[in-house]
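Down below is the structure, laid out as structure tokens.
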Number of protein chains: 2
Amino acid sequence: MGSPGSASIVGAVELGGTKVIAAIGTGPGRGILARERFPTGDDPARTLGSVAEWLQSQSASIGALRAIGVASFGPLDLDPSSPTHGFITTTPKRGWAGTNVLAPFRRAFPGLPIAFDTDVNGAAIGEGRWGAGQGIDDFVYLTVGTGIGGGAIVRGRPVHGLVHPEMGHIPMPRAVGDAFAGSCAIHGRCWEGLCAGPAIAARAGRPAEDMAPDDPAWEFVTESMGHALATLTLVLSPKRIIIGGSVRKAGKLGEAAFFERCRLQLKRALEGYVDSPSLTDEGLRSFVVPPGLGDDAGLCGAIAMAQRTSTGIG
Amino acid sequence: MGSPGSASIVGAVELGGTKVIAAIGTGPGRGILARERFPTGDDPARTLGSVAEWLQSQSASIGALRAIGVASFGPLDLDPSSPTHGFITTTPKRGWAGTNVLAPFRRAFPGLPIAFDTDVNGAAIGEGRWGAGQGIDDFVYLTVGTGIGGGAIVRGRPVHGLVHPEMGHIPMPRAVGDAFAGSCAIHGRCWEGLCAGPAIAARAGRPAEDMAPDDPAWEFVTESMGHALATLTLVLSPKRIIIGGSVRKAGKLGEAAFFERCRLQLKRALEGYVDSPSLTDEGLRSFVVPPGLGDDAGLCGAIAMAQRTSTGIG
């Protein structure tokens, strides 16, 4: 096991569509011993090569890694028995379709255990370990930002199934009076096409940060958020829904008001059908919540994934 | 363990909104050694008392029961630590709200293990053991009949979470050209309000059995089924979706045509977003399927639930 201080030092990679964040550490906050940011770009070999090299150099000065956790944008092949396990499959992101994400790390760290999952499953695992999902076996982590994604934790572990959830693309009802066509290139008015950052900007004609708190777009967006949260509540029966990503900060409306409106719209959409103390006005305050780890949920999740792998837990 | 023949004889109760089916047996088909049907009625004590008495009398002649499985309509309290575990909670069904479903069986069979779950989770467990879910760890069982319900199996076990899923009440987009207001007393145009038997009859002005195969109502219904199946595919990422219940038989349209249309509409709703061999024309034939146990899924599920309980497996 080595010395106690170094036993749980792992590498973590959060691979997003715009930036890659890499870290070496043992947990959140001061547990992150080194951190670096890389543009994702359109040359995966170059980007991932730089990340692997950085991990090597940091490891040389800080200490040997027990494992690496990689939480990536997708869609991904998560099937360990598949010949393309560890690949990004069909992304529209230029240069990245068919990328073997793990190969550069396997080359740089031969024999080291590498955990691999979606960015949102990673964030969900991180929130479960150190954030707003602690002690809760069944919850959902959402990111609502440039896109929308969700990770479902059921009995303490992320749902994979056929591929992995792609919650952002669920079909959506139309909010009352809403004429917006939606911005998803594939589905138009799916959840992502209504509530992701670019959708909000397209609807309002300005970025969400610049929208007035009483901009009617917020009403449509939070009503649609309520529809989607109701769907997740009815399909997955989670004990908590954690909403991360940039949209929750909600510019001039503010994070607290955004969450209050989402909770109200969830309650309206359910219309009292599910009877639980968690779905009362009081209960909803701890049913729909921001991430405990803030914007570090994904990175910390990659640390937690790596630690699970290195200990065989999880 | 007793003799091999009697070791796995259990009692099974499928408690529906119209009828209760009870059985004693070891599995599906010839494994059902005795079976009886009772009207659900509006006097739970009388109905459940009759069922418990019947199980006692059958057990006296056939053999001692190792356990009893009860799969019930809901909403239910499934939390073993709750003082109202085993109760139906808030059903609109006259007489049944607040019913302690398990008490009559506990009184009739003191000390016997009793497994308890929703009707659809029960059916899902049955299909997993002997039907269309065999060998599949992650799948969904749906019943589309008088109402719509769904049970999700994740890593071989049913999802409970906060309460249990209530998939039939998810908010739904409007099918193109559809002006139907929906028939759900609570939500109007939720999935159940669009696709359950009473919704189809209300839309078409006649029962589904009497509708012509080219009745436009089938087009709206199967398009809405496609939306809902897409939602479940995107949220749960199941490896298979099993559709039971009476609507699938689809009267003069026929079961095979109903499934073909549902698969086509699922594919349309996803628009190629999820890349999997299971979601191609060919793959969809085994992705969306009828129950392997036909209308006995729920009853056999109650048998399987009881056997899991008596062996400590599951």
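In the protein assembly as shown, helical runs assigned H by DSSP with n ≥ 4 each contribute -39500 (n - 2.57); averaged across all residues and rounded to the nearest 500, the mean residue ellipticity at 222 nm is -11000 deg cm²/dmol. For chain A, a Gaussian network of Cα nodes joined below 10 Å ranks A:243, A:24, A:62 by mean-square fluctuation, and the top entry is A:62. Taking the DSSP beta bridges with both ends in the protein assembly as shown, the antiparallel portion is around 60 percent.
Averaged across orientations, what area in nm² does the convex hull of the alpha carbons in the protein assembly as shown project? Mind dumping the intermediate values first?
Working: hull surface 116.5 nm².
Its average projected convex-hull area is 29.1 nm².
For chain A, what proportion of DSSP beta bridges, expressed in % and rounded to the nearest 5, is antiparallel?
Values: 25 of 41 bridges.
Approximately 60 percent, going by the DSSP bridge assignments.
By DSSP, the beta bridges lying fully in the stretch B:59-206 are antiparallel in about 70 percent of cases.
Over the stretch A:7-148, the alpha carbon radius of gyration divided by the compact-protein estimate 2.2 N^0.38 Å works out to 1.02. Here is the size of the stretch A:217-260 from its Cα atoms: Rg then Dmax, 11.1, 33 Å. Label-point spacing for residue A:83 across the identical copies (point 7 Å from Cα in the Cβ direction), in nm and ascending order: 6.2.
If you take all other residues with their beta carbon under 13 Å from the beta carbon of residue A:53, and give Lys and Arg +1 and Asp and Glu -1, the sum is +1. Over the stretch B:134-290, the pair-distance histogram of Cα-Cα distances with 10 Å bins from zero comes to 11, 43, 36, 10, 0 percent, rounded to whole numbers.
Remark: label point of residue A:255 defined 7 Å out from Cα along the Cα-Cβ vector; separations to the same position in other copies 5.3 nm, ascending.
Given chain A, what whole percent of its Cα pairs are spread farther than 33 Å?
Details: 12049 of 49141 pairs.
Everything past 33 Å amounts to 25 percent.
Placing a label point 7 Å from Cα along the Cα-to-Cβ axis, residue A:179 is separated from the same position in the other copies by 2.1 nm, shortest listed first. Largest GNM mean-square fluctuation across A:196, A:97, A:228, computed for chain A with C-alpha springs under 10 Å, falls on A:97. Name the residue, out of A:202, A:179, A:64, whose mean-square fluctuation peaks in a Gaussian network model built on chain A with Cα pairs under 10 Å. For chain A, modelled as a Gaussian network with Cα springs under 10 Å, the answer is A:179.
Select from chain A the helices, each a whole stretch of DSSP H, whose alpha-carbon atoms run 27 Å or more along the helix axis and whose Kyte-Doolittle mean is at least -0.5; answer none if there are none. Walk me through the numbers before you get to the answer.
On the way: long enough: A:216-236 (30 Å, 0.84).
Correct list, ordered by number: A:216-236.
For a footprinting-style exposure proxy, rank A:178, A:281 by other Cβ within 10 Å, fewest first. By the 10 Å Cβ count, ascending, the order reads A:281, A:178.
Listed by chain and number, the lysines whose alpha-carbon sits under 26 Å from that of residue B:267, ignoring those within fewer than 8 places in the same chain, are A:93, B:239, B:249, B:252. A cut-off under 15 angstrom between Cβ atoms defines the neighbours of residue A:43, and their net charge, with Lys, Arg +1 and Asp, Glu -1, is +2.
Among the residues of B:165-175, the average count of other protein chain beta-carbon atoms within 10 Å of the residue beta-carbon is 6.
Neighbours of residue A:301, meaning other residues whose beta-carbon lies under 15 angstrom from its beta-carbon, give a summed charge of -2 when Lys and Arg score +1 and Asp and Glu score -1.
No lab work stands behind these numbers, since they all come straight from the coordinates. The model shown is predicted, which means the values in this text are computed figures rather than measured ones. When we count neighbours, we look across all protein chains shown, and the Cβ atoms used for this are built from the backbone with ideal geometry, even at glycine.
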